[in-house]
Amino acid sequence: MNGLAALAFIVLFSQCAGKTDNQTATTPVQANAELSGMKIAYVEIDSLLAKYNFCIDLNEAMVKKSENVRMTLNQKANSLNKEKQDFQKKVENNAFLSQDRAQQEYNRLVKLEQDLQELSNKLQNGLMEENNKNSLQFRDSINAFLKEYNKTHGYSLIFSNTGFDNLLYADSAFNITEEIVNGLNARYSPVKK
């Protein structure tokens, strides 16, 4: 009995769902009429990244931080390599007073190497986290600007275009990149250091 009730419920549900689909279906003529009133534009993300001062400042700051991380890690790695070479020379020349003392020095160098690897991971993760934070700030900045911008311009859709990723063809008349970049840069005031 329960199986029949379930089957009846499924049939009834599918009939109702079918009626809903028929009611919301639009013909191509209706779709074209609805689309003809739409105002559409696109923004070239590559140009935005290259010309938006906030993005330029974020990139410059990240390049400096990356360079500082690289220099710090290189200095520590060079220092560690020198100590390893000194250790190797001492081992070859039997310069250690005892086997225990040589083992202690070896263990110290292994610990330094592990510490360097941990520092490298920590600094690289810090850079990734900051890069993610910067990406969110960049996106939020653009979204906030576009909300304000669109209050006076009334676009139905604003697409992003990165090379051939999203748009295969778009008339340049719909390209508002320069207007968006100018508006973003006019609104942006760099943080003084």
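Annotations for the structure displayed:
- Residue pairs, from the table Lys64/Lys122; Lys90/Lys122; Lys76/Lys133; Lys65/Lys147; Lys64/Lys111, whose Cα atoms sit over 25 Å apart: Lys90/Lys122; Lys76/Lys133; Lys65/Lys147; Lys64/Lys111
- Straight-distance candidates among the aspartates and glutamates for linking to Lys39, with alpha-carbon spacing under 17 Å and chain neighbours fewer than 8 residues away dropped: Glu148, Asp171, Glu179.
- The slack in the chain from Ser66 to Leu167, taken as 0.36 nm per residue of separation less the alpha-carbon distance, amounts to 33.0 nm.
- Full extension of the chain between Ala186 and Lys39 gives 50.5 nm of extra length, using 0.36 nm per residue less the Cα-Cα distance.
- Residues listed by number, the range 98-117, amide nitrogen under 19 Å from Lys76 label point at 7 Å toward C-beta: 107-117
- Taken along its principal axes, the alpha carbon cloud of the range 74-193 reaches lengths of 82, 37, 17 Å, longest axis first.
- Cut-off 13 Å, label 7 Å out along Cα→Cβ of Asn150, residues of the range 39-55 by amide N: 39-43
- The range 37-157, dipole about Cα centre (Lys/Arg Cβ +1, Asp/Glu Cβ -1), debye to the nearest 20: 100 debye
Read-outs: derived from the displayed coordinates by stated rules, not from any lab. Not measured: the values here are computed from a predicted model. Cβ sites come from the backbone with ideal geometry, for glycine too, and all protein chains shown count toward neighbours.
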